[in-house]
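Step one of this worksheet: look at the structure below.
The values are calculated or read from the model by the stated rules, or taken from the named source; none is laboratory data. Quick caveat, the model's predicted, so the values are computed rather than measured. Positions of Cβ are backbone-derived with ideal geometry, glycine not excepted, and every protein chain shown enters the neighbour counts.
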Amino acid sequence: MGGYGANAIVFLIQTIFSLYLIAIMVRFLLQLAHADFYNPVSQFLVKVTNPPLIPLRRVIPGFMGIDFAAVVLMLALKMLELFLILLLNGVSLSIPSIVVLSIAELLKLLINVYFFSILIQIIISWVNPGAYNPIVSLLHSINEPLLGRARRLIPPISGFDLSPIIVIIGLQLILILFIAPIADLGTNLANAGR
């Protein structure tokens, strides 16, 4: 299958998988941050992600507060997404290359979730500072572990909190220095398998 139809199907696959992976990733981060479980957004994420996670947790237990069932589910979904896209494009890759590329893509997604959540938190703080909103509460829960560490390095200067800038720069450096080489390793494994 080629042309516009294949492009549309690839777009739909990427969109559906990405939205669900973001929901699982945000739920995972909220669990790590011990965010408010009764927040409406948290409840939505729990209801959307529980169907595959509950049976998976029976097989893969959590350890030290880390939900390994969610990690395995994200990896499996990303691998399935890559496999389907490659299948539609008529390309075949080895399992190790798909695993490495999936790990790189999930790490990139993690960086993007933090980047956009910090950006949204900054914009909301400018537009409507101090107002309560369930989303703002969750953004604060997700971002505060990173922003708090950055604030300890460089405290606010004359009322200006520079921690978001420091964290965003750090996230981009992680993307360039650590995640890009993992993606390159996956690509090299794919090329070596051909």
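The table below gives the values:
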item	result
Tally, over the stretch 138-162, of residues that are among the hydroxyl-bearing types (Ser, Thr, Tyr) and either surrounded by 16 or more Cβ atoms within 10 Å (Cβ to Cβ) or within 19 Å of Asn112 (Cα to Cα) (or both)	1
Selected residue [modelled with pLDDT of 90 or more, over 22 Å from Thr15 (Cα atoms), in a helix (DSSP H, G or I) and among the β-branched types (Val, Ile, Thr)] from Ile123, Ile103, Ile168, Ile135	Ile168
Residue match in the stretch 51-72 (condition: of a type in the set (Lys, Arg) and under 19 Å from the mean Cα position of the chain (by Cα))	no
Near pairs, Cβ below 7 angstrom, 6+ apart or cross-chain, from the stretch 112-140 (within 26 Å of Leu173 (Cα to Cα)) to any residue that is of a type in the set (D, E, K, R)	none
Lone qualifier among Phe63, Phe37 - being closer than 26 Å to Gly148 by Cα, in contact with a Leu (Cβ under 9 Å, 6 or more places away or on another chain), surrounded by fewer than 15 Cβ atoms within 10 Å (Cβ to Cβ) and modelled with pLDDT under 90	Phe37
Filtered residue count, the stretch 32-80, keeping only those that are of a type in the set (Gly, Ala, Ser), touching a residue at least 40 places away in the same chain (Cβ under 8 Å) and in contact with a Phe, Trp or Tyr (Cβ under 9 Å, 6 or more places away or on another chain)	1
Total residues in the stretch 163-194, condition over 23 Å from Leu29 (Cβ atoms) and either surrounded by fewer than 17 Cβ atoms within 10 Å (Cβ to Cβ) or polar (S, T, N, Q) (or both)	9
Pair list, Cβ under 6 Å, 6 or more apart: the stretch 1-30 residue under 17 Å from Lys108 (Cα atoms), other residue part of a helix (DSSP H, G or I) and of a type in the set (D, E, K, R)	Phe17/Glu81
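Matching residues to (1) in a helix (DSSP H, G or I); (2) aliphatic (A, V, I, L, M); (3) surrounded by fewer than 16 Cβ atoms within 10 Å (Cβ to Cβ):
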residue	(1), (2), (3)
Ile54	yes, yes, yes
Leu73	yes, yes, no
Leu77	yes, yes, no
Leu87	yes, yes, yes
Ser97	yes, no, no
Ser117	yes, no, no
